[in-house]
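Accompanying notes for the structure given below.
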Amino acid sequence: MITKMSFEGIPFIGAYGFCTDSVTLIRPYVRKKDEIKKVLQTPVVETTIGKSALLGVFVTGNSACVVLPYFAEDAELETIAHTEVAVYPEKHTALGNLVLANDKGCIISPVLDDTFFRDALGTEVVKACLGEFVTVGSVGVVTNRAGVLHPSLSEEDVEFVEELLRVPCDTATANRGVGYIRLCLLANSHGAIAGQSTTGPELVRIEDILEG
């Protein structure tokens, strides 16, 4: 199931949320919580990270563990205590932009500690850039069924992601031509929510890709 949505008129919903097959985190005061739960089929938790609503920028992980930056507050950790949580202690905090992961594998920016993510996520972890992007998490959304990637990535880049994360992948845009898919899309194995500005053809392509 796929649908479109905005958060208080903002179509970049991926900047304000994060989801796996086991949990969905969204910024506070989102009015469509029930619809999100229906599409993604997970518990939906409203929270902030370091008092910031930019969950998609700061949060990464998979169904085994949600990884937060060091400045996440104790009250925020308690809010999501029903799922496994790890806190990354190093200086790099935009983890959502720096990690591309599912339950089968993980690609991280070369600036991050691969041992930490291997232990936290329980998968193979590879340090790499995708094309010219050091921010590997910003250019894709990969579920346990399929992955949607930035259209500027080469065929070799797409094949690399497919091999590491062990799902079929292809390129697409959302929100009228935006290639930074992470900003525009929340998706897991059950469903997907694209930004409200996503065109009909974009939505069809994303749906076709995510169906694997």
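General observations
- Remark: spin-label model distance residue 154-residue 77 equals 4.3 nm, labels positioned 7 Å along the Cα→Cβ axis.
- In Å, descending, principal axis extents of the Cα set of the range 147-212: 31, 26, 18
- Within the range 2-210: Cβ-based charge dipole about Cα centre, in debye rounded to nearest 20 (Lys, Arg +1; Asp, Glu -1): 720 debye
- Excluding the site residues themselves, the longest part of the chain lacking any GluC sites (Glu not before Pro) in a DSSP loop with at most 10 other Cβ atoms within 10 Å is 9-131.
- Given 13 as the ceiling on other Cβ atoms within 10 Å, longest exposed-site-free region of the chain for trypsin sites (Lys or Arg not before Pro) in DSSP loops: 92-175
- Sorting the Cα pairs of the range 98-197 by distance into bins of 10 Å, from 0 upward, gives 17, 51, 28, 3 percent per bin.
- Residue-wise HN-Hα couplings along the range 157-173, as the Karplus relation 6.51 cos²θ - 1.76 cosθ + 1.60 with θ = phi - 60° gives them from phi, are 4, 4, 5, 4, 5, 4, 5, 6, 9, 6, 9, x, 9, 7, 9, 6, 10 Hz; Gly and Pro carry x.
- Of all beta bridges that DSSP places with both ends in the range 93-212, some 65 percent have antiparallel geometry.
- 26 Å Cα-Cα reach of residue 4 towards lysines, excluding residues that sit fewer than 8 places from it in its own chain: 32, 33, 37, 38
- Backbone HN-Hα couplings from phi across the range 35-51 [Karplus 6.51/-1.76/1.60, Hz, Gly and Pro as x]: 5, 4, 4, 5, 6, 8, 6, 9, x, 10, 10, 8, 7, 10, 10, x, 6
- Cα pair count fraction exceeding 23 Å, expressed as % - the chain: 37 percent
Every number in this text was worked out from the coordinates using simple rules, so none of it is lab data. Here the structure is a predicted model, which means the values were calculated and not measured. Positions of Cβ are generated from backbone atoms using ideal geometry, with glycine treated the same way; all protein chains shown enter the neighbour counts.
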